């Protein structure tokens, strides 16, 4: 392993997750505006539900991104000191990672 | 309207009076249709499109800055496992993006179908009032005592209002169904299923929502009144989005029909009709890949003549298929098809070299042919080559080009929805729109 390169990959993932998290809330918001502007339409209620489930799904995906980024960074740091131990710790993280 | 997988076909059959809801569902009320804000559906669609782009960018970022770096810098078993997890995460973003494009299709479909219907309703109400009729809060049209207005005017106003409410209800029901399916797809983890099936259904439904805004089943006089009241932008939108359904309306002016047919040596309406009706007909699929063959069949059935040699026979530089035996194995190997008939790269070149022209994507029309040219290394063929072809069957008002193809069979697929995933998987593509024109 080249720890510095792997750590950079981890940092990049966490940055990507931070940026995505900020954009999600504002982008999903306009679906509520559309639903409220069209009361009485069946599609309005369905859009609100669609927004809710997909916002939750995307938050979980973004959280997974941050978790995996963190795992890469930490393991790269550990590997720089004790390669085998760092690998074991990452394996544990990957085993519980749900993507 | 004949669509193999028609989602609304059953609804098209029944034209119940306005006081008898046809679907066991809540009718869109007169008040709610007049107060509708379809532009808000469109604005919401814009943000779902932005969400899809963010997801696609995230997937690209993970592939390029995550998977690639880990593969290069961590080469043991644990590194391989980490790379696999990164790939799965990137595909999770692509799966989400593929489904989100479906939401985009439905919301634009709502915007672009409810907008003209609401304008038609306003026009019908105005027509009724100009004739001295009363339109009550439920949309009922009545003539006051002693009215001298012709009874036909009352019937026409009433028919237009009922048509608007009925169409809006069918669209609302279908959009609800589609959005519920797109919400349920949140549990799907298969990227190809999301793009091919979930998004594919939604992109087809977008076109059908627009078709539902037409006064299908009405008499010629009502259709003519509807068409005459449409603003120019609505007429243009229907001509590009649902040309066959529009063409088939009784009462549509003849000059509009001639314009829809085109003057390129084949009937564009019949090319689109044939493609849509045969999207899932596998009878013509005698090759491993039948995309160009499907395009050739559509154009041939629309009247484009084969290009033969001076003695009426097939030759390498022509465009034709010879007599077919019906035995697929033999027909595929007996050299009766010219390369331009069956090979997308050769077909694009043939049409451009024989009277056709390349059209900007923004100018695509139903009945054109769409080709995918490899624009970067890493795809199924060398850079610069064309590897796929399809028939443009609809251009929706949001500018999305919908196409119909074989191998695999797709009906009214969305270019905006599918291209980003295609490019992640196959590398950058240049989309080429060709308008064939018979010069032989």
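Worth pointing out:
- Residue B:163 more than 9 Å from every other protein chain (Cβ to nearest Cβ), within 27 Å of the chain's Cα centre (by Cα) and modelled with pLDDT of 95 or more: no
- Taken over segment A:39-54, the residue count meeting the criterion of being crowded, with 22+ Cβ neighbours inside 10 Å and within 7 Å of chain B (Cβ to nearest Cβ) is 6.
- Among residues of segment A:27-46 being in contact with a helix residue (DSSP H, G or I) (Cβ under 6 Å, 6 or more places away or on another chain) and outside any helix (DSSP H, G or I), the one that is farthest from residue B:82 (Cα to Cα) is A:40.
- Positions within segment A:20-37 being more than 13 Å from residue B:50 (Cα to Cα) and either at the interface with chain B (Cβ under 7 Å from one of its Cβ atoms) or touching a strand residue (DSSP E or B) at 6+ places or on another chain (Cβ under 8 Å) (or both), in sequence order: A:33, A:34, A:37
- Test for residue A:57: is it part of a helix (DSSP H, G or I) and at the interface with chain B (Cβ under 8 Å from one of its Cβ atoms): yes
- The set of residues from segment A:62-95 being at pLDDT 85 or above, surrounded by 21 or more Cβ atoms within 10 Å (Cβ to Cβ) and facing chain B (nearest Cβ under 7 Å) comprises A:65, A:68, A:72.
- Looking only at segment B:76-96, and only at residues there that are within 8 Å of chain A (Cβ to nearest Cβ) and more than 18 Å from residue B:57 (Cα to Cα), the one that is farthest from the chain's Cα centre (by Cα): B:76
- Test result for residue B:148, without any contact (Cβ under 8 Å) to a residue 24 or more places away in the chain and away from every other protein chain (no Cβ under 14 Å): yes
- Residue B:189 vs. criteria part of a loop (DSSP other than H, G, I, E, B) and either in contact (Cβ under 8 Å) with a residue 24 or more places away in the chain or over 25 Å from residue B:141 (Cβ atoms) (or both): yes
- As a summary of the residue check, residue B:244 satisfies the conditions (1) surrounded by fewer than 16 Cβ atoms within 10 Å (Cβ to Cβ); (2) more than 30 Å from residue B:151 (Cα to Cα) except for the one numbered (1).
- The listed residue being under 21 Å from residue B:28 (Cα atoms), touching a strand residue (DSSP E or B) at 6+ places or on another chain (Cβ under 6 Å) and not in a loop (DSSP other than H, G, I, E, B), out of B:207, B:173: B:207
- When A:24, A:16, A:68 are checked against the criterion of being in a helix (DSSP H, G or I) and under 19 Å from residue B:43 (Cα atoms), A:24 stands alone in meeting it.
- Boolean, residue B:105 is closer than 30 Å to residue B:145 by Cα and either within 8 Å of chain A (Cβ to nearest Cβ) or touching a residue at least 60 places away in the same chain (Cβ under 8 Å) (or both): no
- Filter result (part of a helix (DSSP H, G or I) and facing chain B (nearest Cβ under 8 Å)) within segment A:1-13: A:5, A:6, A:8, A:9, A:12, A:13
- Of the numbered criteria (1) in a helix (DSSP H, G or I); (2) at the interface with another protein chain (Cβ under 7 Å from one of its Cβ atoms); (3) at pLDDT 95 or above, the one residue B:36 fails is (1).
- Filter pass, residue B:180 being within 23 Å of the chain's Cα centre (by Cα), modelled with pLDDT under 95 and part of a helix (DSSP H, G or I): no
- Of all residues in segment B:296-332 being surrounded by 14 or more Cβ atoms within 10 Å (Cβ to Cβ) and assigned to a helix (DSSP H, G or I), the one that is modelled with the lowest pLDDT: B:331
The values are calculated or read from the model by the stated rules, or taken from the named source; none is laboratory data. Predicted model, so just to flag it, every value in this text is computed and none were measured. Methodologically, a virtual Cβ is constructed for each residue, glycine included, from the backbone with ideal geometry; neighbour enumeration extends over all protein chains shown.
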